[in-house]
1. Please work out the C-alpha center-to-center distance from segment 1-80 to segment 205-281 and express it in whole Å.
2. I'm spelling it out carefully: the read-out is Rg and Dmax of the Cα atoms in Å, the candidates are (i) 20.9, 64; (ii) 19.1, 60; (iii) 20.1, 64, and one was derived from this structure. Which label?
3. Under a Cβ-Cβ cut-off of 12 Å, what is the net charge of the residues other than Lys254 that fall near it, where Lys and Arg count +1 and Asp and Glu count -1?
4. Heavy-atom accessible area of Arg12 with all protein chains present, probe 1.4 Å, nearest 10 Å²?
5. Accessible area per residue, 1.4 Å probe, Å², for segment 48-103: what's the number?
6. Counting pairs of alpha carbon atoms under 8 Å apart in space and at least six apart in sequence, what relative contact order in percent does segment 186-292 give?
7. With a 1.4 Å probe and all protein chains left in place, how much accessible area per residue does segment 106-157 have, in Å²?
8. State the extension gain, in nm to one decimal, for the chain segment bounded by Phe89 and Ile191, taking 0.36 nm per residue of separation less the distance between their alpha-carbons.
Amino acid sequence: MNDNKDKNFFQRPIPLLICAVIATALWGSAIPAIKIGYDMFGIADSSAPVKFVFAGTRFVLAGIIVIIFDCISKKRIVVPKKDEIKGIFVLGMVQTTVEYIFFYLSLIYLSGVKGSILNSIGNFFAVILAHFIFVNDRINFRKFIGCLLGFGGVVLCCFEEGLDLSFKFRGDGFILIAAFCFALGSVITKIVTRKSDSVTVTGWQLTIGGIVLTAIGLIFGGRISFPSIQAVIMLIYLAVISSCAFTIWAQLLKYNPVGKISVYCFLNPCFGVILSGVMLGENIFNIRTIASLVLVCIGIYVVNAKKQTASELNN
């Protein structure tokens, strides 16, 4: 009990569980919410630059929300230090600008269910990247089996009715690129937050990445209007998803070993598939979807679930 009292809030078992579930549930709702947002704003059939402005506006708003929260909690104006700017800028480009260029484009061609499952491949990309970047995080047999199961689930998800493998770069390929950017961003986040406050990093990377994404859309002729109060509420909700989920996840990563937190990533595709069924009315009760989801979830769990060593717990 004394050990538990000495732990940071984000290290205690119950708060950790609650925070991880909240973050993954928010991320799981993102794909169906974005597709609904496309319809509300009347941009489902619009060009890519319009979608970039839509996405960029969301992330600028999300970043501002986090920055305001950071300033209020610290009771001062919070800006990145000179030696933090480079890392935050790189993270914003990778995990906000580039990732969501491909993420938003992919949703034009993919269902919410398929997008949720394919996007989960980012967890396995993170394992592979960690093998080459962190000397104490090499791929072992357990991780290899987990990745194999996960990739198997993703491949199964690409099969359409019958046994015809359907993989289209303008959809499947786009979301896999976005998933890789998420994995790379997770690695960068771990590096950047070693010496920087995770909330500050999150707020500014979202803002910077969102500004660049919006600028790209505007330069190429993208424009959006606000047709209804419901559309505005949806945009605010999408901003809250990013501000809350990224801030919570960055805090969890800062105070816990990556493996201990990543085990909860198996909830992402679960929430994504379920909420796509609820919010979009998609058919989630078919053998292929359920089998794909089960394989992906087992793979993520196998990759991440292990007994923590003393050295890992001190990281």
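The values are calculated or read from the model by the stated rules, or taken from the named source; none is laboratory data. On a predicted model such as this, the values are computed, not experimentally measured, just so you know. Virtual Cβ from ideal backbone geometry, glycine too; neighbours counted across all protein chains shown. Keep in mind that these areas ignore ligands, DNA and RNA; they rest on the heavy atoms of the full protein, side chains included. Shrake-Rupley method; radii C 1.70, N 1.55, O 1.52, S 1.80 Å.
1. Segment 1-80 and segment 205-281 have Cα centres separated by 6 Å.
2. Label of the calculated value: (ii).
3. +2
4. That residue has around 80 Å² of solvent-accessible surface.
5. Dividing the accessible area of segment 48-103 by its residue count gives 47 Å².
6. Worked out over segment 186-292, it gives 32 percent.
7. 42
8. On the way: separation 102, 0.36 × 102 = 36.72 nm, distance 1.33 nm.
Full-extension gain reported as 35.4 nm.
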